Structures are given as C-alpha cells and as structure tokens.
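Data first, discussion second: the structure below is written as structure tokens.
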Amino acid sequence: MIRSLRGMNDTLDIEDSQRFSYFIQTATRIAKNYGFRFIETPQLEETALFKRSVGESSDIVGKEMYQFTDKGKNDVCLRPEGTAGVVRAFVQNKYDRQDTVQRLFYHGTMFRYERPQKGRLRQFHQFGCESFGESNILEDASLILMVRDIFSALGINFTLKLNSLGDQNCMPAYRDSLVSFLQKHQEEICEDCQRRKSTNPIRVLDCKNSHCQDIYANAPKLMQNLCEECDTDFKALSSILDEHGMAYEIDTHLVRGLDYYSKTAFEFISTEIGAQSAIAGGGRYDRLVEFLDGRATPAIGFAIGIERLMELIQMPEISREGYYFGAMDENSIHTIYAIGMKKRVSDKVTIGYKARNLKAHLKASDKANAQYCVILGENELNNGTLWVKDLLNKTEFEIPQKEF
Ligand code: HAM
C-alpha cells in the first residue's frame, strides 16, 4: 500500500473536515468585516523569493525548504509561508504604486521539512492576512484584535505575547550591544547560538536551550533601547489593547523565526495543545516591500496555523439540514431522482439510489442528518403525492409532487 508522506495528512475524518470548513468560514467572515479581500498566490515560487524575505539565516530557509530544480532548470521551492508570495504579487502587480491601503487574506498549504510531531507537520495550512500601506499603530491593534475575534468566535482560549523588534534606527545599535554580550559568553552558549551570533544575533533570544536562556536573562533588552518612534508606537499599541480589554504579556525574547520583521511582533499561544503551542504569529514588516524591489510601503500581517486549532475549535451544534429523497420500488427511482435534483438547486439534498423499505430510508435520512425524509411509494405514485417525515419536529404529512 502506498502511504502519504511523513508529516502530510489527509483531512478526511468527518469532524476534522467540518471543523476545517467552519474555521475557514468564520475567519473569512471576520477578515471581510475588517476590510480584507481574498488573494491566492502560487504554492511554488522561485527559491530566491524566500531567501530574500524570510532570510538566509532563518531555520526555514536554512534547513526546512522543499527546494528543487524543475524541468526548466529553475531553482524553485514549495512555499514555507504565505507572506513572501503575497508581497511578491503586490509588487509584481504594481500595487505598491497605487496610493491606497490594500488588505489581503489567504489560506492554503505551506510546506516545511521539519521533524514531524504533534502540531508540527511538513504540509500544513495557514490562514493569513497582510495589510499594506498603513503605518498607523491602529492597524497593528486592529490585526491583533482581529485574531482575537477569530479565536473568540471559535471558542479558543489563548494568551498573547507582544514585543517590539525596533527599526533601522534602534536595531543596529542593539544588535551590536547584544553581540558584545554574546562575545563575553562565547564559551558558554550552544553551538547554534555561536553560529547565530554572526548570522542573525537576535535569534539567540529564542534559543530552546535552557542553559542559553539562563545566560540571556541578563542580556541587554531591546525594549529598553528602542528609539523614540518605536517606543511611542509600542506604548500607544499597548494602551489601545488595554482600552479594548485585550490582555497581553510583553515578551522581550519574542523574536519570531523569520527575518523580515520590525517594530510590532506578536504570537498567540494556546496552553491546551502541547509543545507546539503557537497558534498564530505575525508582526510589522515595513521594509520587506522594498527588499523585494517595490516602493517603500509599510506593512503588517499574521498567519494562523489551522491544524493546531483542530482540537480547540468548538463547533456549534449542527442541526438537521435539508432533504433525503428515497423511492420504495425500482420504477420510481428516476422520478424521485428528478425531484431531488430540482430541490438541490436551493437545498442540501441526499438521494437514495436504491429502492428500499421505509425503515431503511428513515435510517439513511438520519445518517445523512437530513431534516426531511421524502418518500415515493406505490400509493404516492398513484396519487401524485410524496410522503414526508420532518425528523426535527417529528411530524409526518403528504404533499403533492408538484409542490417540490
Ligand atoms: P509563523 O510563525 O512561521 O509565521 O507561522 C504562523 C503559524 O503557522 C504558527 O504560529 C503555527 O500555528 C503555524 N505553523 C508553522 N509551522 C507549522 C508546522 N510545521 N506545522 C503546523 N503548523 C505550523 C509565518 O508564517 C508568517 N508568514 C506570519 C506573518 C504573516 N507575518 C506577517 N504576516
């Protein structure tokens, strides 16, 4: 038997597939309420796109990409995340030259060659939003509050971690002071951090090694070294979130695994799903449009990891819905099929293709979760009627076939 690849799952289980659709429906509705419209970008892009955006020193680009040379000898890879492709589309289609705010949402599969475990897959789904052209801190607040609204609508508990990663005014000086600190602890830090020290020093701050973490507790903090603009923005964001009753924890070690961020960075965490606890992450990336050859455009976004929510989503009770049509003898199958097909234009319909007795049809309509079981038997055929049972209200009646 040929099996699916490791870390790549089917969404076949009925509850999972219902939860998945319910999530997309709910998140789409809320994103539209916040003024976002749908964008679809390819799953395969030039490898250079991710190297230049996510960053060569990130784990994603360094270790986790599904990268290959296609038949046309192009260096391509399956997208590990959605932001880079959306920014590429934004620049390629010259939206950076229009002086308007663009708010875009997407959902789809992402690919990272990570070690699979609970909540960590090699093919997974994200729902993401990217907002271009708005530097106002109210936009940062809106995106965070939008994630809150999505999780609240789904009955998901979370905590929010918030940080500021500074900008080109304050980050370079901070990086230098961090490197000096790391130099002093050169012998004590892990090999990965020694490498990060020269490739992307701030990434040491989210090292998983507890010994390194003990050392970094005394590292200089960017939060205390922000330039005036970043400091004012961060304080303004905190106070807007306070006004909207959105609790958060400031985490000065939250640096995110992708290189394109500046200023606001955030992560939503669930304590109910084990080690892979980040259910959404995002932040500002005011320089990325420029890095990808566009006109300088402030931008901010987030992505939610859909698989990690599967156990957490609380589905509303799905009441019985639509119709089940069945015939009791072979000669009536095509008549009931035609009636059912007409009804399908407006309602959810299941049609029994085999002649069966009433009991079997009632059982089948129950299984189909239909509200109405509609039967064509011999009597009804002679009278030009249909027998109907309302399985929700437990009533039975006969109606003329014409009425369907
Ligand atoms: P990210 O933090 O890498 O950010 O991913 C966002 C979310 O995707 C994570 O919080 C997690 O829920 C989910 N996720 C990531 N990797 C996996 C995996 N291997 N298996 C299952 N779920 C996973 C980004 O991707 C950025 N593009 C977010 C963003 C949008 N920033 C600005 N705009």
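The values are calculated or read from the model by the stated rules, or taken from the named source; none is laboratory data. Predicted model only: the values in this text are computed from it and were never measured. Positions of Cβ are backbone-derived with ideal geometry, glycine not excepted, and every protein chain shown enters the neighbour counts. The accessibility values were calculated without ligands, DNA or RNA, using every heavy atom of the protein model including side chains. Shrake-Rupley method; radii C 1.70, N 1.55, O 1.52, S 1.80 Å.
With 19 Å as the limit, write out which pairs from 32/94; 161/221; 63/161; 342/363; 208/263 have Cα-Cα distances beyond it, or answer none.
32/94; 63/161; 342/363; 208/263
Could you give the accessible area per residue of the chain, probe 1.4 Å, as a whole number in Å²? Present the calculation step by step, with values, prior to reporting the outcome.
Working: 20630 Å² over 404 residues.
For the chain, the solvent-accessible area averages 51 Å² per residue.
Do any GluC sites (Glu not before Pro) in segment 140-215 lie in a DSSP loop with no more than 16 other beta carbon atoms within 10 Å, and if so, which?
Of the GluC sites (Glu not before Pro), the ones in loops of segment 140-215 whose Cβ has at most 16 other Cβ atoms within 10 Å are 187, 188.
I'd like the distance between the alpha-carbon centres of segment 325-404 and segment 142-190, rounded to an integer number of Å.
59 Å
With a point put 7 Å past each Cα toward its Cβ, work out how far residue 338 is from residue 94 in nm, to one decimal.
Result: 5.6 nm between the two label points.
Once phi is turned into θ = phi - 60°, what whole-Hz ³J(HN,Hα) does the Karplus curve with 6.51, -1.76 and 1.60 give for every residue of segment 343-356, x standing for Gly and Pro?
Result, ordered by residue: 5, 4, 4, 10, 9, 6, 9, 10, 10, x, 8, 10, 5, 9 Hz.
Distance between the C-alpha centers of segment 235-250 and segment 282-318? Whole Å please.
When both Cα centres are located, 19 Å separates them.
Looking at the square roots a ≥ b ≥ c of the eigenvalues of the Cα gyration tensor of segment 164-279, which shape do they give, rounded for a/c under 1.5, prolate if a/b is larger than b/c, or oblate?
oblate
If you line up the Cα atoms of segment 82-123 on their principal axes, what length do they span on each, largest first, in Å?
Reported extents, whole Å, longest axis first: 44, 16, 11.
Which Rg and Dmax, in Å, describe the Cα atoms of segment 26-144?
When restricted to the Cα atoms of segment 26-144, Rg and Dmax are 15.5, 47 Å.
Report the paramagnetic label zone for residue 218: residues of segment 163-186 whose backbone N is under 11 Å from a point 7 Å from Cα along the Cα-to-Cβ axis.
Answer for this model: 185.
Any chance you could tell me what percent of the C-alpha pair distances in segment 259-404 go past 24 Å?
Counting pairs separated by more than 24 Å, the tail of P(r) holds 55 percent.
Taking amide hydrogens as modeled 1.01 Å from N in the peptide plane, which residues meet the under 5 Å criterion relative to residue 371, leaving out close sequence neighbours?
Amide H neighbours of residue 371, under 5 Å, 5+ apart: 321, 322, 323.
If the reach is capped at under 21 angstrom between alpha carbons, list the lysines near residue 367, excluding any in the same chain fewer than eight residues apart.
343, 348, 354, 359, 389, 394
From the Cα gyration tensor of segment 241-285, with a ≥ b ≥ c the square roots of its eigenvalues, which class applies: rounded if a/c is under 1.5, or else prolate if a/b is larger than b/c, or else oblate?
Note, shape of segment 241-285 comes out oblate.
Once the piece of chain linking residue 32 and residue 227 is laid out straight, how much longer is it, given 0.36 nm per residue of separation minus the C-alpha distance between them? Numbers along the way, then the final one.
On the way: separation 195, 0.36 × 195 = 70.20 nm, distance 3.46 nm.
Result: 66.7 nm gained on full extension.
Does segment 157-198 come out rounded, prolate or oblate, given a ≥ b ≥ c as the square roots of the eigenvalues of its C-alpha gyration tensor, rounded meaning a/c under 1.5 and, failing that, prolate meaning a/b above b/c?
Note, shape of segment 157-198 comes out oblate.
List, in order, the whole-Hz ³J(HN,Hα) value for each residue of segment 325-334 obtained from phi through the Karplus relation with A = 6.51, B = -1.76, C = 1.60 and θ = phi - 60°; use x for Gly and Pro.
Per-residue couplings from phi come out as 10, x, 10, 9, 9, 3, 5, 9, 4, 5 Hz.
In what order, largest first, do 396, 130 sit by accessible area if the probe radius is 1.4 Å?
The ordering from most to least exposed comes out as 396, 130.
Using a cut-off of under 19 Å, list every residue of segment 33-71 whose amide N is near the label point 7 Å from the Cα of residue 24 along the Cα-to-beta-carbon line.
Of the residues in segment 33-71, 33, 36-44 have backbone N under 19 Å from the label point off residue 24.
Along the principal axes of its C-alpha atoms, what lengths does segment 130-186 span, in descending order and rounded to whole Å?
Taking max minus min along each principal axis of the Cα atoms, segment 130-186 gives 48, 29, 14 Å.
Convert each backbone phi in segment 155-160 into a coupling constant with the Karplus relation 6.51 cos²θ - 1.76 cosθ + 1.60 (shift: θ = phi - 60°), then list the ³J(HN,Hα) values in order as whole Hz, x for Gly and Pro.
The phi angles translate into x, 9, 7, 7, 10, 10 Hz.
Multiply the residue gap between residue 395 and residue 208 by 0.36 nm, knock off their C-alpha separation, and tell me the result in nm, one decimal place.
61.1 nm
Over the chain, what percent of the accessible surface lies on carbon and sulfur atoms, probe 1.4 Å?
47 percent
Fully extended, how many nm does the chain gain between residue 198 and residue 67 (0.36 nm per residue separation, minus their Cα-Cα distance)?
44.7 nm
List the residues whose amide H sits under 5 Å from the amide H of residue 280, counting only those 5 or more places along or on another chain, with H placed 1.01 Å from N in the peptide plane.
Residues meeting the amide H criterion: 268, 305.
Amide H neighbours of residue 125 under 5 Å, at least 5 residues apart or on other chains, H built in the peptide plane: list them.
For residue 125, whose amide H was placed from the backbone, the distant partners under 5 Å are 110, 306, 307.
If you add up the charges near residue 218, with Lys and Arg at +1 and Asp and Glu at -1, over every other residue whose beta carbon is less than 12 angstrom from its beta carbon, what do you get?
0
Quick one: what Rg and Dmax do you get for the chain from the alpha carbons, in Å?
Answer for the chain, Rg first and Dmax second: 27.3, 95 Å.
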